[in-house]
Amino acid sequence: MAIQIPTRLLDGAVLAFLKQDDLYGYALTQKVQSVFNISESTVYPILRRLKRQSCLETYDEPYQGRNRRYYHITNDGIALLQTIQTEWQQFSNNIDQTLGEDNGTSN
């Protein structure tokens with residue numbers, strides 16, 4: 001059984017990629033898929049939700065006769081990313097202490 005990826009971590013991944021560079025939806029989806037085993041349709045609802053929360057802005061750029069919608073992280077998005085990073089660090093430390101090889105128990 002695979003571990004389910006919490007929405008909060010997917011939000012963090014999307015925001016982290018967008019902090020590096022503005023990306024259009026398909027390119028962003030490819031980056032997220034390089035890390036997590038998700039379907040192509042998973043990222044777009046995240047983008048819409050983060051945009052509603054003022055964490056992202058969009059703009060269109062022409063490409064081969066049509067427009068590509070690019071996503072740009074806002075200051076609110078950077079603040080949310082920092083919060084998620086802190087939450088992840090705390091969670092990860094707790095998991096490492098609980099499930100790690102050196103958890104204080106012996107066989």
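Quick note: the coordinates plus some simple rules give every number you see, no bench work behind them. What you see is a predicted model; the values in this text were computed from it and never measured. Positions of Cβ are generated from backbone atoms using ideal geometry, with glycine treated the same way; all protein chains shown enter the neighbour counts.
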Relative to the first principal axis of the alpha-carbon coordinates of the chain, what is the inclination of helix 7-20, with its axis defined by its Cα atoms, in degrees from 0 to 90 and to the nearest 10?
60
Beta carbons within 10 angstrom, averaged per residue: use that to sort the peptides 83-93, 49-59, highest first.
49-59, 83-93
With a 10 Å cut-off between alpha carbons and a GNM built on the chain, which of I38, I95, I78 moves the most?
I95
Residue-normalised 222 nm signal for the chain, counting each DSSP H run of n ≥ 4 as -39,500 (n - 2.57), nearest 500 deg cm²/dmol, is -17500 deg cm²/dmol
Enter the angle in degrees (range 0 to 90, nearest 10) between the Cα long axis of helix 75-99 and the first principal axis of the Cα atoms of the chain, meaning the one along which they spread out most.
20
Based on Cβ point charges of +1 for Lys and Arg and -1 for Asp and Glu, what charge dipole magnitude is obtained for the chain about its Cα centre, in debye rounded to the nearest 20?
520
Placing one identical point scatterer on every Cα of the chain and ignoring solvent, what is log10 I(q)/I(0) from the Debye formula at q = 0.17, 0.18 Å⁻¹?
-0.83, -0.90
